[in-house]
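Engineer: Shown below is the structure under consideration.
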Amino acid sequence: MYNDLQKRYVKEIKTNQQQSEAIKNLTIKIHELEHNLREQRQRIEQLERKKVSWKTSAVSGKRSRTTEGEVTSRRDMSKKKESCCSKYLELLLKEIKKLKKENEKLSTERRALKNELAGLDKDFFEEIEDLKHAVQESVKLNNQYEKCLKQISVMYGLPFTAHL
């Protein structure tokens, strides 16, 4: 009983540590993604500012050549960049939402485990130590009884088989 209780306690502690580590890692990842999101938003703002300047140059009819030699307006190029950035931002936002949900789930589970461990007060651990001591004493006593039984069986010529 004591060993089962001890194993359960150790398992709960390990689980709690693993979840704390997972929460820490997820929090770090969320902060990194939020930082990336802020950078991408700044980049979008810069591109939008450039877009305004391109609109004014597009009105004057300026065009550029792509690497394939196609003639495209700056407006077309900015739309391509904008759509690419917005797709990337959408992916980042989805990833952030997913990580926040996972973080919340792990936080909830961690709180539940903490509450469960909080129910194990100082008296509980003292009782475990008392049980541990009682088990050790009973093992010693059993060994003494076994020695006595061996002596008695030898004295009376009876076969004795020791426990495993």
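The values are calculated or read from the model by the stated rules, or taken from the named source; none is laboratory data. Fair warning: this is a prediction, and the values are worked out from it, not measured in the lab. In this analysis, Cβ positions are derived from the backbone assuming ideal geometry, glycine residues included, and neighbour counts consider all displayed protein chains. Quick note on the areas: whole protein, heavy atoms, side chains included, nothing else; ligands and nucleic acids left out. Shrake-Rupley method; radii C 1.70, N 1.55, O 1.52, S 1.80 Å.
Engineer: Mark the label point 7 Å from the Cα of Asp4 along Cα→Cβ and return the residues of region 100-134 whose backbone N is within less than 17 Å of it.
Structural biologist: 128, 131-132
Engineer: Over region 124-163, what per residue volume does the convex hull of the Cα atoms give, in whole Å³?
Structural biologist: Per residue, the Cα convex hull of region 124-163 comes to 45 Å³.
Engineer: Pull out the extension gain between Val139 and Ser153, defined as 0.36 nm times the separation in residues minus the alpha carbon to alpha carbon distance; nm, one decimal.
Structural biologist: Additional length available on full extension: 3.0 nm.
Engineer: Calculate, for region 124-163, the solvent-accessible area per residue in square angstrom, rolling a 1.4 angstrom probe over the heavy atoms of the protein chains.
Structural biologist: Accessible area per residue, region 124-163: 88 Å².
Engineer: Mind jotting down the distance between the C-alpha centroids of region 19-48 and region 117-164, whole Å?
Structural biologist: 59 Å
Engineer: Between Leu89 and Glu102, what is 0.36 nm times their sequence separation minus the Cα-Cα distance? Round to one decimal in nm.
Structural biologist: Roughly 2.7 nm would be gained on extension.
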